[in-house]
Amino acid sequence: MSAPGPFWTGRRVRLRGIEPEDWQAFMDFDAHSRHQRSLDVLHPPRSAERYHAWAAEQSVAPPAGDDFRLAIEALDTGEPVGSLSTQATDPRAGRFRYGVGIGHEHQRRGYATDAVILLLRFMFGERRYHKCEAGIYAFNDASLALHRGLGFVEEGRLRDHEYFAGRHHDLVLLGMTAPEFARAHPFESL
């Protein structure tokens, strides 16, 4: 059996800190309003200088506990293809939330799946969290399929929870526990 590769490197992606030169990629990701809405909400246009300043700030910002944001880099091209972040980390209860976004032109190549597995392996196997939660807009079929394919279980639905594009939208709540993750994606042995 061959030795495992670097911890933050998967089959298709490498997770890394955001670098100042990533500003252009993040500006390009936000150029697609449908993409913005599938992750969050539609934001007013921002200047190139604002993206540049944001990326520079992110490159030196320390994590706030276990809340952090990482760039997703494609192994085959070395370019940033998206990002993921943890939020609402609660070490006492052992749960956290996360979000993942892949740029419009990089979707459906397995980048999100690879990145999420790397993140969950870290949060469950290294930081001792017990449960991961995700909220997905009900209209985002691709993200729902991704999460179900990873082993997330639907735990509920918040009806008419978010408002954008002229109407309210449901938010589907999904969760996965560390034992469920380990059954589908065993931790490496040392």
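Odds and ends about this structure:
- Among residues of region 95-106, those that are farther than 28 Å from residue 165 by Cβ and open to solvent by 20 Å² or more (accessible area, probe 1.4 Å), counted: 1
- Condition check for residue 91 on (1) modelled with pLDDT under 90; (2) surrounded by fewer than 17 Cβ atoms within 10 Å (Cβ to Cβ); (3) not acidic (Asp, Glu): one failure, at (1).
- Any hit, region 75-85, residues being open to solvent by less than 60 Å² (accessible area, probe 1.4 Å), out of contact with any helix residue (DSSP H, G or I) (no Cβ under 7 Å at 6 or more places or on another chain) and either outside any loop (DSSP other than H, G, I, E, B) or in contact (Cβ under 8 Å) with a residue 12 or more places away in the chain (or both): yes
- In region 151-169, the residues that are of a type in the set (A, V, I, L, M, F, W, C), open to solvent by less than 30 Å² (accessible area, probe 1.4 Å) and modelled with pLDDT of 90 or more: 152
- Screening residue 172 on (1) within 24 Å of residue 65 (Cα to Cα); (2) at pLDDT 95 or above; (3) in contact with a strand residue (DSSP E or B) (Cβ under 9 Å, 6 or more places away or on another chain); (4) surrounded by 17 or more Cβ atoms within 10 Å (Cβ to Cβ) shows it passes everything except condition (1).
- Selection status of residue 147, loosely packed, with under 13 Cβ neighbours inside 10 Å, not in a loop (DSSP other than H, G, I, E, B) and not aromatic (Phe, Trp, Tyr): no
- Considering residues of region 107-135 that are free of Cβ contacts under 8 Å to residues at least 40 places away in the same chain and in contact with a Phe, Trp or Tyr (Cβ under 9 Å, 6 or more places away or on another chain) only, the residue surrounded by the fewest Cβ atoms within 10 Å (Cβ to Cβ): 126
- Pick from region 86-99, criterion of a type outside the set (Phe, Trp, Tyr) and in a strand (DSSP E or B), ranking: nearest to the chain's Cα centre (by Cα): 99
- Residues of region 61-74 that are open to solvent by 20 Å² or more (accessible area, probe 1.4 Å), under 20 Å from residue 23 (Cα atoms) and among the small types (Gly, Ala, Ser): 61 alone.
The values are calculated or read from the model by the stated rules, or taken from the named source; none is laboratory data. No experiment lies behind these values; they were computed from the predicted model shown. Positions of Cβ are backbone-derived with ideal geometry, glycine not excepted, and every protein chain shown enters the neighbour counts. Protein only, heavy atoms only, side chains kept; ligands, DNA and RNA dropped before computing areas. Shrake-Rupley method; radii C 1.70, N 1.55, O 1.52, S 1.80 Å.
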